[in-house]
Every structure is written in structure tokens, then in C-alpha cells.
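The values are calculated or read from the model by the stated rules, or taken from the named source; none is laboratory data. Note that this is a predicted model, so its numbers are computed, not measured. Here the Cβ is made from the backbone with ideal geometry for all residues, glycine too, and neighbour counts use every protein chain on show. For the accessible areas, the whole protein counts, side chains as well, though only heavy atoms, and no ligand, DNA or RNA atoms are used. Shrake-Rupley method; radii C 1.70, N 1.55, O 1.52, S 1.80 Å.
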Amino acid sequence: MRKNILSFLEKKTKNEKITMVSAYDYHSAKILDESDVDIILVGDSLAMVMLGMQDTLSVTMDEMLIFTKAVWRGAKKSFILADMPFMSYQSSDYDAIINASRFIKEAHANGVKLEGGAEVSSKIKSISQAGIPVVAHLGLTPQAVNMLGGYKVQGRNLQSAQKIIDDAKAVQDSGACMLVLECIPLKLAQKITSILEIPTIGIGSGKYCDGQVLVYYDLLGINKDFKAKFVKHFDTINPKMAVQEYIHEVKNGIFPSEEHSFDYLDDELLDKLY
Ligand code: KIV
């Protein structure tokens, strides 16, 4: 049976970690599925990783659909989460529903992910009311790179940390079934994880999240030009062993360690957050 959002909620209540990997093709999906990964995210990071683009902004719906279909062909049990590309949902609630439904009808995805907080509440509401699970994404949101001034850790001061908490509550209230937290201080991610009923999935946000996500090619260590602080290279010879090691370390709280996290918030500031 394919994994579903109820099983992820149950994992949160039982304190069991959720495993997610961002991958884009049939063979990777097969390896991940056979290794029992919970969620395969067909991330718009494929714009950079697979297509060599300079950021995630130019990838189109039609391109995302091709990769999502390939992942569906390779994965029989994992939940397939499709990333909504830039401007496929920001323009209107109508565009958001139509494009989300294309992932379900044409590519057999099980849910969609989109970036943003309170400003995308109506989109989350519309898509989830149409019966499509929506995963939200806060912190470092790469589609907003031009607003953020680069790929930087978010939530480092009181105002920006409180905004991320407020947005996390807003996306949950709008119907999001899960929340990806990218590159925020680990104690902020811990606070959000304890406030929310829906699971949080961290990338560069520390060990207290309900689950973790890494890009497949990053965990295999294929890109030798650049390694972000939050990335760990697992076995580089055998992809299946690398994936199994990643799953083992996430499930047992070994990865991410302090070395892969950002610990910027002091206790005085944390006490002021609500
Ligand atoms: O596009 C992607 O792969 C992502 C993850 C890194 C969270 O959004």
C-alpha cells in the first residue's frame, strides 16, 4: 500500500521520524522506494540539479510533469510529492488548483508542495479543499531568492523568527498537511515542531524536526563543486547503501548532527517567541 498523510501524522504522534528525499527520475525513485523512504519529493531543485539552470525560477509545469511521471513509474510505495514551480500558484487561486490537479491527473502525484506563508493561505485552502494534500515550505524559500538576497539562513533575529512562527501557524490553519522548514536555526525549528500538529520536515533546520529531507544527488555526494553545511555525503559507491544509511541515521536521530545545523538563537530571544 502507498504511504499516505495519515501515516505521517501518526508518525509525529508516535515520535517516529519521517524520511524524505528529493529525486527526479525512474531509477532513483526505484532505489528510494525499495529502501522504504516515506516521501519522494520531485523538487523544483531539479532545475539546477538536472537541467543546469542558475536557480529554480525558470523550470516550467510541463518540465516538472515529465520528471514527476518518471518518479511515479519507479515508486510503488513511497508518497510522491510534486513541487509546484514558480508562478504556477502565486498568480491566482484558480491557477493554483488547475496546476496542482495536473500533477495528480497527469503524473499521479499524491500531493503538492508550495513555498510561502500567510500570503499563500488562500492557495493552500483552495488546493486542499479540492482534495489534494498540500505541503508548505518556509524559511529559505528558493523561489524568493531575489527577495531574500541570496541563499541565506532565515529567522536569525526576533522579528524574522516570529514571522516564520506566525506563517507556520497560518499554513497549518489553511489546511497544509506538512511543513518543510529550510535553513532556520535548530531551536526555532524545535519550537515550531512543538507548536504545530502537522509534521515538520527539516533541511538545514536541525534534528528536532519530525522528519528530514535531502536532495538525492547531495546525499550521494555527486556534486563536488559545492557542499552546503547541512548536507552529509553518505556511501558514495553504492547508491542503495547510501540511501539506507541516510534512512537509518534520520530514523535514529544521528543525522543531522550539530555539524549540519545552524544554532544562532540565544535563549533570551527564544523566550520572547510565541
Ligand atoms: O526543490 C527541492 O528539492 C526542495 C527541497 C530541498 C526541500 O524544495
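The condition (being out of contact with any Lys or Arg (no Cβ under 6 Å at 6 or more places or on another chain), within 14 Å of the ligand (Cβ to nearest atom), at pLDDT 95 or above and open to solvent by less than 10 Å² (accessible area, probe 1.4 Å)) is satisfied by just one residue among Ala161, Ala75, Ala82, Ala100: Ala82. Would a scan of segment 111-121 turn up a residue that is more than 26 Å from Lys3 (Cβ to Cβ), within 16 Å of the ligand (Cβ to nearest atom) and open to solvent by less than 10 Å² (accessible area, probe 1.4 Å)? Checked against the condition, which is being more than 26 Å from Lys3 (Cβ to Cβ), within 16 Å of the ligand (Cβ to nearest atom) and open to solvent by less than 10 Å² (accessible area, probe 1.4 Å), segment 111-121 yields at least one hit.
This table checks each residue for (1) buried (at least 21 other Cβ atoms within 10 Å of the Cβ); (2) within 14 Å of the ligand (Cβ to nearest atom).
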position: Ala189; (1), (2): yes, yes
position: Ser194; (1), (2): no, no
position: Ala228; (1), (2): no, yes
position: Met241; (1), (2): no, no
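Residues considered: Gly206, Gly221. Of these, the only one that is farther than 25 Å from Glu10 by Cα, of a type in the set (Gly, Ala, Ser), open to solvent by less than 20 Å² (accessible area, probe 1.4 Å) and touching a Ser or Thr at 6+ places or on another chain (Cβ under 8 Å) is Gly221. For Asp55, state whether it is within 14 Å of the ligand (Cβ to nearest atom) and over 14 Å from Tyr216 (Cα atoms). Yes; evaluated as a whole, the condition is true for this residue.
Criterion applied to Ala170, Ala100, Ala176, Ala96 was being in a loop (DSSP other than H, G, I, E, B) and in contact (Cβ under 8 Å) with a residue 12 or more places away in the chain, and the one residue passing it is Ala176.
Can we say Ser45 is of a type in the set (Gly, Ala, Ser), buried (at least 16 other Cβ atoms within 10 Å of the Cβ), modelled with pLDDT of 95 or more and in contact with a strand residue (DSSP E or B) (Cβ under 8 Å, 6 or more places away or on another chain)? Yes; evaluated as a whole, the condition is true for this residue. Listed by first and then second residue, the pairs linking a residue in segment 135-148 that is in contact (Cβ under 8 Å) with a residue 12 or more places away in the chain and near the ligand (Cβ under 9 Å from one of its atoms) to a residue that is assigned to a strand (DSSP E or B) and among the β-branched types (Val, Ile, Thr), with Cβ atoms under 6 Å apart and 6 or more places separating them unless they lie on different chains, are His137/Val180. Remark: pairs (first residue in segment 23-44, within 15 Å of Leu214 (Cβ to Cβ) and of a type in the set (Asp, Glu); second residue more than 14 Å from the ligand (Cβ to nearest atom) and in a helix (DSSP H, G or I); Cβ separation under 7 Å; 6+ apart in sequence or on different chains) = Asp38/Phe8.
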